[in-house]
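Here the structure comes first, spelled out in structure tokens, and everything after it is commentary.
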Amino acid sequence: MNKEERYDFVIIGGGHNGITAAAYLAKSGQSVCVLEERSECGGAVENTEPIPGVRIDSHATSMYAGAAPGFDQLELWKYGFRMDWSTPPGGTDIEETKREGVLTTEGVVPLTDMDILGLAKITGLLSDPPFARELLRAIYWCPPHPLEVEVTAENIPYMQVYKQYAPDIWTEELLDMTLFELMDQYCETEAFKVQMAIVAWYSGAAPHWEGVAIPSLGGALCPIYSRASVPKGGMHTYTHAIVRCAIAHGAVMRTCCPVDEIIIHEGRAVGVRLRETATWGEKTIWANKAVVSAMDVQQTFLKLIGPQHLDVSFIQWIKDLSLKGGSYYVSHFLFREPPRFRPKFKGREGQVAAGFYPCDSRELFYEHLMDIDGRKGSPSVPPERVIWIAIDYHKYNPSVRIPDRYLVSPFYVQVPPPEYHVEGPDAISKIKEKWDAYMLEAYSQVAENAEPPNLVAQWSNTPYENEFRNAGLIGGNWSGTRHCKDQLWTDRLLPELSRYRVPFIDGLYLCHQTSGHPGGLCIMAVPYNLMHILIEDGLVEPGDWWYPSPWYIPEQG
């Protein structure tokens, strides 16, 4: 028999948010236990090895967290974190970037000065001083305001940043715009606007949703800020650094330990009970201060807590949350020779065929979108016109691929979440061979030598497979719940839950992309924001290394 186990904090889920919360809490001197259902921590920040010598990212692949306070607060460089900084194909030469342009079905469309300077202006990359970091931190790394505070154009963090650094951009109309409307004001080339929209669409708030122009812009700015780079060895090394940090400060990580129940006593979360299949002997683990759920919001309330502790109307709210943010069919291609751009893509000679395609027009964008948000079915757009993102092998450290082989991975195509597919959740998974061929044909529109015998291997994971592979990815993707205006910031996930507390259960906090601002992306943001609330509630007293968001508003009293 194991002795009774007690910790200050018990964290359910060892995904990105769970392990980052553990690192923050452990560095603050708290005893912490993380319970992870799978055999390793990291969640969507994982590598897998489909054949010996080749490691691919099934989910997260690019560093979006460049502006995160966590890098210096947690001192991740002490625990092995290193970046593999990439150089864009055009280098830092603006004229070369303009010539390389954007990929369309007709070939390359060059950019103009207005495109380059307009984007640099609204993202803060051009100003003196630059404010891109401040803009990103205002979008992602700040807790929502308390319920009693009226949210206005004067106190929204990113609006404060614009007022301080770029008052000529500031206007209350920003709060009603779509990203397309914002780009129309500051950029010129339609194909460039569509390319930025595609990046935003795959990164969070969609470019056609009203009222989220700046959050949508933030999704596109994150990879630009980090130079579209990855950590050395791939994204999973980012996870390793966070886990090492947490363990170095005393946190306990338990894998193969699924939680069956959050124990509620007299309206307070006091611990958890492990499932019978958990590898750890003692099945009850107590929390002296709080239980933190880094599980998705539906599993947290509908499975781990249950109706005996919840109001019927609240249960229905949780069931009704919108997952209509789209999902991803992810492919990975291994080649003998570098896949080359077709001759019509002039200026891209010598580069690996990758990028964003096709960026012809927003009408084509809406055509693809109709399958996902309208018809809610498998792609009806022909492979010649379907929108995709491909990451080339230059983004990978040589240690993650076989010598003399070239990796294009991941290759993303948006599809409906399994829960909303008109033909059922396994509609795409049960005919993977058809969709694998479709994806390869789509990629072949740009790459002239993508077919066998140059193609050595092709792998893929569907949204439905993602849900089984990674228990935290409801909706088959990293964002889970929709990043629209009524499910962001003070309304994420519900206004009553937006400050990461569960008001009717003391000692229970939420720390997952589906349950708290800012939602998806592995950027250490949800745990950083949660720390403000735990400090506010008197549960944590971090040292001088901690600094709060300058836009944070504490609750009165």
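Pairs are defined by a Cβ separation below 8 Å, a sequence spacing of at least 6 or placement on different chains, a first member in the stretch 295-315 that is at negative phi and in the same structural domain as Arg275 (by TED's automatic domain parsing), and a second member that is basic (Lys, Arg) and part of a helix (DSSP H, G or I); the pairs so defined are Gln298/Lys319; Leu302/Lys319. Is the stretch 210-230 home to any residue that is in contact with a helix residue (DSSP H, G or I) (Cβ under 6 Å, 6 or more places away or on another chain) and assigned to a strand (DSSP E or B)? Yes - at least one qualifying residue is present in the stretch 210-230.
Residues in the stretch 349-389 that are part of a loop (DSSP other than H, G, I, E, B), within 28 Å of Gly424 (Cβ to Cβ) and in contact (Cβ under 8 Å) with a residue 60 or more places away in the chain: Pro383, Glu384, Arg385, Ile387. Of all the residues in the stretch 30-89, those that are of a type in the set (Asp, Glu) and closer than 22 Å to Val352 by Cα number 2.
Which one is farthest from Arg38 (Cα to Cα) among residues in the stretch 270-284 that are surrounded by fewer than 24 Cβ atoms within 10 Å (Cβ to Cβ) and among the aliphatic types (A, V, I, L, M)? That would be Val270. Looking across the stretch 111-134, the residues that are farther than 14 Å from Lys193 by Cβ and more than 25 Å from the chain's Cα centre (by Cα) come down to Asp113, Leu117, Leu126, Ser127, Asp128, Pro129.
Tell me, yes or no, whether the stretch 394-402 has at least one residue that is more than 21 Å from the chain's Cα centre (by Cα), modelled with pLDDT of 95 or more and not assigned by TED's automatic domain parsing to the domain that holds Glu96.
Step one: filter the stretch 394-402 for residues more than 21 Å from the chain's Cα centre (by Cα), giving 394, 397-402.
Next, only the ones that are modelled with pLDDT of 95 or more stay: none.
No, because not a single residue in the stretch 394-402 is more than 21 Å from the chain's Cα centre (by Cα), modelled with pLDDT of 95 or more and not assigned by TED's automatic domain parsing to the domain that holds Glu96.
Within the stretch 305-329, the set of residues being within 29 Å of Ile428 (Cβ to Cβ), in contact with a helix residue (DSSP H, G or I) (Cβ under 8 Å, 6 or more places away or on another chain) and not small (Gly, Ala, Ser) comprises Ile318, Lys319, Leu321, Leu323, Lys324, Tyr328, Tyr329. Of all the numbered requirements in (1) part of a strand (DSSP E or B); (2) more than 26 Å from Val292 (Cα to Cα), Ser62 misses one, and that requirement is (1).
Pick from the stretch 347-363 the residues that are closer than 19 Å to Ser203 by Cα and more than 22 Å from the chain's Cα centre (by Cα): which of them is surrounded by the fewest Cβ atoms within 10 Å (Cβ to Cβ)? Break it down into steps so the answer makes sense when it comes.
Of all residues in the stretch 347-363, those closer than 19 Å to Ser203 by Cα come to 354-359, 362.
Checking which are more than 22 Å from the chain's Cα centre (by Cα) leaves us with 358-359, 362.
Values: Pro358: 25, Cys359: 26, Arg362: 19.
Looking at residues that are closer than 19 Å to Ser203 by Cα and more than 22 Å from the chain's Cα centre (by Cα), I get Arg362.
Only one entry of Asp113, Asp84, Asp57 meets the criterion of being within 30 Å of Pro463 (Cβ to Cβ) and in contact with a Lys or Arg (Cβ under 8 Å, 6 or more places away or on another chain), and that entry is Asp84. For the stretch 414-423, taking the residues that are assigned to a loop (DSSP other than H, G, I, E, B) and modelled with pLDDT of 90 or more, the one that is nearest to Ile198 (Cα to Cα) is identified as Val422. Tallying residues that are part of a helix (DSSP H, G or I) and of a type in the set (D, E, K, R) within the stretch 140-180 yields 3. Criterion first (assigned to a loop (DSSP other than H, G, I, E, B) and not basic (Lys, Arg)) does Gly42 satisfy it? Spelling it out, Gly42 is indeed assigned to a loop (DSSP other than H, G, I, E, B) and not basic (Lys, Arg).
Being surrounded by fewer than 21 Cβ atoms within 10 Å (Cβ to Cβ) and of a type in the set (S, T, N, Q) is the requirement here; does Ser409 meet it? Spelling it out, it is not the case that Ser409 is surrounded by fewer than 21 Cβ atoms within 10 Å (Cβ to Cβ) and of a type in the set (S, T, N, Q). Confirm whether Glu96 is over 29 Å from Leu136 (Cα atoms), of a type in the set (Asp, Glu) and not assigned by TED's automatic domain parsing to the domain that holds Ala241. No.
The values are calculated or read from the model by the stated rules, or taken from the named source; none is laboratory data. Remember, predicted model here, so these are calculated numbers, not experimental data. Glycine also receives a Cβ, built like all others from the backbone with ideal geometry; neighbour counts cover every protein chain displayed.
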